[in-house]
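The values are calculated or read from the model by the stated rules, or taken from the named source; none is laboratory data. Being a predicted model, the structure only gives us computed values, none of them experimental. No Cβ is skipped: glycine too gets one built from the backbone with ideal geometry, and neighbour counts run over all protein chains shown.
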Amino acid sequence: MTNTETTTLIQFYIEPDGTILAIWPREFYNLKLYGTGIVNCYSSNGQHSQCSRNYFEELPLASYKQSKQLRQELESIGYQL
C-alpha cells in the first residue's frame with residue numbers, strides 16, 4: 001500500500017436470510033436529515049444502499065471467513081480493506 005492509499009472501515013453482518021451485509025459505520029447518509037441513524041451499506045447483489053443502525057445493530061457480526069467473498073468483491077471495485 002502506498003502512502004496515498006487508505007483503508008476503509010467496513011463491518012460485516014449476517015442478515016436473517018444469510019446474506020452478508022457490509023456497513024460503513026462512519027459514512028452517514030444525509031447527516032443533516034437523519035443524523036447518525038442511517039449509514040451507507042453494500043450487499044452481494046452489487047448495490048450500495050443505506051441502512052438503519054437499528055437494523056444492523058441487531059444482526060450478528062460475520063466472521064472473516066463468512067465475509068471473504070464480499071470482501072473480495074469490494075476490493076475488486078477499488079476498496080482498500
* To do: Show the residue pairs that are 6+ apart or on different chains and have beta-carbon atoms under 7 Å apart, the first residue being within segment 14-30 and outside any loop (DSSP other than H, G, I, E, B), the second being charged (D, E, K, R).
  => 21/15
* Kindly check whether there is at least one residue in segment 44-66 that is at pLDDT 90 or above and in contact with a Ser or Thr (Cβ under 6 Å, 6 or more places away or on another chain). => no
